[in-house]
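Visitor: Pasting in a structure now, in structure tokens, and then I'll have a few things to ask.
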Amino acid sequence: MALPFARSLFLCRWGAKRLAAAVAEARRGISFKLEEKTAHSSLALFKGDTGVKYGIVGLEPTKLALNVERFREWAVVLADTAVTSGRHYWEVTVKRSHQFRIGVADVDMSRDSCIGVDDRSWVFTYAQRKWHTMLANEKAPIEGMGQPEKVGLLLEYEAQKLSLVDVSRVAVVHTLQTDFRGPVVPAFALWDGELLTHSGLEVPKGL
């Protein structure tokens, strides 16, 4: 009788561990890298395609592989993983950048546009030491957020929300009400310095 009992106890514990792992996995946000084939010629990826840096000259377009998915006019790059459901959280470390945009965009947004300019992307923009939301080329100021070292983004697909998170306080600073109609991907634009992304994170408690 001892052997069946021990086996049952083992299976019970194994099942509990699997359940706990599944719950932890469900709490984690998407894990993504930046997709080189979408990156504008002035952008270079680094650290295993998790970071992006801006170059004034950049790469010569003639030396880049022809790709219809590459942004042609604006310094934009998209992530390689689309979101169609769930709550997801990721962070961005800002290095020597004073002008950038972070948010999400439709996977098939125009490569001749810039995130925040059309109505198929939702972004938070930082420029001239000030934060704004940006949608369809219209800006609205954000208060209570200073010059960033690291910021967080919380995407709630079913609730149609994208929030800017103050990482130091683990607090939502501003929430954009969105209008997702299909898959979206994390999106980034910058005109100086570097951005380093951190994905695959759990949604912090309290958010």
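Visitor: How much length is gained on full extension from K150 to T175, taking 0.36 nm per residue of separation minus their Cα-Cα distance?
Guide: On the way: separation 25, 0.36 × 25 = 9.00 nm, distance 1.75 nm.
Contour length minus Cα-Cα distance gives 7.3 nm.
Visitor: Let me ask something else about it. Kirkwood hydrodynamic radius (Cα pairs, Å) of segment 81-207?
Guide: Details: mean 1/r = 0.0689 Å⁻¹.
Evaluated on segment 81-207, it is 14.5 Å.
Visitor: With charges set only on the Cβ (+1 for Lys and Arg, -1 for Asp and Glu), what does the dipole of segment 30-201 come to about its Cα centre, in debye to the nearest 20?
Guide: 420 debye
Visitor: Follow-up question, since we're still on this one. Extending each Cα 7 Å along its Cβ direction at W191 and S110, get the distance between those two points in nm, one decimal.
Guide: Distance between the two pseudo-spin positions: 1.9 nm.
Visitor: Length gain on complete extension for the stretch K130 to V68, per 0.36 nm per residue less the alpha carbon to alpha carbon distance? Write out the running numbers ahead of the final one.
Guide: Numbers: separation 62, 0.36 × 62 = 22.32 nm, distance 3.35 nm.
That works out to 19.0 nm of additional length.
Visitor: Report the gain in length on full extension from F46 to N137: 0.36 nm times residue separation, minus Cα-Cα distance, nm rounded to one decimal.
Guide: Numbers: separation 91, 0.36 × 91 = 32.76 nm, distance 2.93 nm.
29.8 nm is the gain from fully extending F46 to N137.
Visitor: Over the heavy atoms of Y54, what accessible area does a 1.4 Å probe trace out, to the nearest 10 Å²?
Guide: Solvent-accessible area, nearest 10 Å²: 70 Å².
Visitor: Please compare each pair in K139/K161; K33/K205; K37/K205; K47/K150; K130/K150 to a cut-off of 26 Å on the Cα-Cα distance and tell me which ones are over it. Intermediate values should be presented prior to the final figure.
Guide: Working: K139/K161 17 Å; K33/K205 24 Å; K37/K205 35 Å; K47/K150 17 Å; K130/K150 15 Å.
Pairs exceeding 26 Å: K37/K205.
The values are calculated or read from the model by the stated rules, or taken from the named source; none is laboratory data. This is a predicted model, so every value here is computed, not measured. Ideal geometry is used to build each Cβ from the backbone, glycine not excepted, and the neighbour counts take in all protein chains shown. All accessible areas refer to the heavy atoms of the entire protein, side chains included, with ligands and DNA or RNA removed. Shrake-Rupley method; radii C 1.70, N 1.55, O 1.52, S 1.80 Å.
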